[in-house]
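Input: a single structure, listed below in structure tokens.
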Amino acid sequence: MKKITKKEIRSSVSDSLQQALQKLEVVSPSKKTKKLVETVSKKVTKQIKDDAKKEAKKLKKQITKEIDKAKKATKAAAKTDKRKKDKGEKKAKDVKKAKLNVA
């Protein structure tokens, strides 16, 4: 996921608000309107940045869970393979002992 700075977010939000004002045919906004646009863009930017952080944190957590699951699965598979191998070796030893006892 690409990192986005607050400055980039704020500029795009502020541009969007300016476009909205132009569509409403406000030729030159007053000082209050400009200040309001700036304040709103700061608040929206902060909210967007916080949400993006939360989302990134969730994704990171989910990825680590998946990695841990995969590691556990490989460990479990290795254990079962080892157990099967040990059982096979024990059976082979028992067969050899039985052959020696018979002879």
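The values are calculated or read from the model by the stated rules, or taken from the named source; none is laboratory data. All of these numbers come straight from a predicted model, not from anything done at the bench. Note that each Cβ is placed from the backbone with ideal geometry, even for glycine, and that neighbours are counted across all protein chains shown.
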Find all pairs meeting these conditions: Cβ atoms under 8 angstrom apart; at least six residues apart or on different chains; first residue within the stretch 31-51 and more than 15 Å from Ser11 (Cβ to Cβ); second residue in a helix (DSSP H, G or I) and at pLDDT below 90.
Thr33/Leu21
Find all pairs meeting these conditions: Cβ atoms under 8 angstrom apart; at least six residues apart or on different chains; first residue within the stretch 1-16 and without any contact (Cβ under 8 Å) to a residue 60 or more places away in the chain; second residue polar (S, T, N, Q) and assigned to a helix (DSSP H, G or I).
Lys6/Thr45; Ile9/Thr45; Arg10/Ser41; Arg10/Thr45; Val13/Ser41; Val13/Thr45; Ser14/Ser41
